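Q: Okay, handing you the structure first.
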Ligand code: SF4
Ligand code: SF4
Ligand code: SF4
């Protein structure tokens with residue numbers, strides 16, 4: 001079930017309620033071709049960007065200040081700047097927030113590589129919503145999208161990653177978590193697969209899907225992002241299988257505020 005007050009899952013909530021991303025997770029266990037976490041310009045708004053990586057204790061202070069400034073805050077999440085589940089600090093901050101602010105929803109974004117293994121601890125921490133980025137279900141396509149998985153770029157590593165992701169999503173949904181699937185739309189690379197991913201996501205128990213346009217950078221710096229018309233067409237096809245979230249703003253790893261408001265990217 002989609003929590004009515006989660007701004008990344010409900011279109012209505014997007015304009016009414018806030019989330020805070022706690023940037024405690026710098027490391028990653030894979031290398032997406034489109035990922036660039038090198039910049040930390042305060043004006044830049046995109047995933048993987050943060051002004052600084054902070055400790056779980058500092059993150060807890062940040063939640064406290066954010067709640068004092070804005071009573072509409074409903075969600076505390078870890079969304080990077082790396083892979084939350086590749087950093088022990090993620091579980092630490094989730095536990096701290098759970099114990100100090102039990103009314104907040106706990107959320108996480110992940111590439112899914114170690115999701116199955118981490119699931120018992122996530123449930124124990126009280127996480128209720130998850131975003132898993134699934135860009136392809138094809139090993140060949142994965143070879144184009146990802147530079148490496150756990151240090152290896154061979155087809156075996158890609159196949160193991162895809163199957164771990166898919167198992168993680170299914171287990172998380174079965175355990176009662178609300179799962180959103182993020183898919184980065186990369187023209188000429190995975191556009192032909194979007195409907196199939198949507199169909200699989202619905203079967204696996206995901207609640208909603210979010211198609212995100214490629215931000216041309218890193219290995220994909222010379223690729224074109226999808227046009228609005230292409231995105232609309234892909235969303236229309238995917239919507240046949242699973243509801244589409246279309247308000248995503250591809251926020252920073254330290255974003256705070258109500259996503260639907262213009263001034264929501266500031267760091268505290
Ligand atoms: Fe970057 Fe996230 Fe991909 Fe890791 S999973 S390489 S942090 S985009
Ligand atoms: Fe949760 Fe992901 Fe939204 Fe952050 S971006 S609040 S982790 S759904
Ligand atoms: Fe919500 Fe921003 Fe995450 Fe999109 S990137 S799902 S708007 S917090």
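Q: Collect the residues in segment 216-248 that are away from ligand 1 (no atom under 16 Å from the Cβ), assigned to a loop (DSSP other than H, G, I, E, B) and either touching a helix residue (DSSP H, G or I) at 6+ places or on another chain (Cβ under 8 Å) or within 23 Å of residue 2 (Cα to Cα) (or both), keeping them in residue-number order.
A: Matches in segment 216-248: 226, 240, 241, 242, 243, 245, 246, 247.
Q: Based on what the data block shows, is residue 187 farther than 28 Å from residue 27 by Cβ, more than 16 Å from ligand 1 (Cβ to nearest atom) and either part of a loop (DSSP other than H, G, I, E, B) or touching a helix residue (DSSP H, G or I) at 6+ places or on another chain (Cβ under 9 Å) (or both)?
A: yes
Q: Test residue 104 against the stated conditions and say whether it is buried (at least 24 other Cβ atoms within 10 Å of the Cβ), modelled with pLDDT of 95 or more and touching a helix residue (DSSP H, G or I) at 6+ places or on another chain (Cβ under 9 Å).
A: no
Q: So, one more: Provide a single number: the residues in segment 98-111 that are more than 16 Å from ligand 3 (Cβ to nearest atom) and touching a residue at least 40 places away in the same chain (Cβ under 8 Å).
A: Qualifying residue count, segment 98-111: 1.
Residue-by-condition table, conditions (1) over 24 Å from residue 212 (Cβ atoms); (2) within 16 Å of ligand 3 (Cβ to nearest atom); (3) assigned to a helix (DSSP H, G or I):
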| residue | (1), (2), (3) |
| --- | --- |
| 117 | yes, no, yes |
| 122 | no, no, yes |
| 132 | no, yes, no |
| 144 | no, no, yes |
| 160 | yes, no, yes |
| 168 | no, no, yes |
| 172 | no, no, yes |
| 176 | yes, no, no |
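Q: Moving to a separate point now. Which condition does residue 189 not pass, out of (1) within 25 Å of residue 82 (Cβ to Cβ); (2) touching a strand residue (DSSP E or B) at 6+ places or on another chain (Cβ under 9 Å); (3) surrounded by 17 or more Cβ atoms within 10 Å (Cβ to Cβ), if it passes all the others?
A: (2)
Q: Ok, one more. Being outside any loop (DSSP other than H, G, I, E, B), away from ligand 1 (no atom under 16 Å from the Cβ) and within 20 Å of residue 108 (Cα to Cα) is the filter here; which residues of segment 200-215 pass it?
A: Selection gives 201, 202, 204, 208, 209.
Q: Within segment 74-114, can you find the residues that are assigned to a helix (DSSP H, G or I), within 12 Å of ligand 1 (Cβ to nearest atom) and over 20 Å from residue 6 (Cα atoms)?
A: 85, 86
Q: Now for a separate question. Run residue 204 past the list (1) within 26 Å of residue 177 (Cα to Cα); (2) out of contact with any strand residue (DSSP E or B) (no Cβ under 7 Å at 6 or more places or on another chain); (3) surrounded by fewer than 18 Cβ atoms within 10 Å (Cβ to Cβ) and report the number of the one that doesn't hold.
A: (3)
The values are calculated or read from the model by the stated rules, or taken from the named source; none is laboratory data. In this text, all values refer to a predicted model and were calculated from it rather than measured experimentally. Here Cβ is always computed from backbone atoms with ideal geometry, including for glycine, and neighbour counts include all displayed protein chains.
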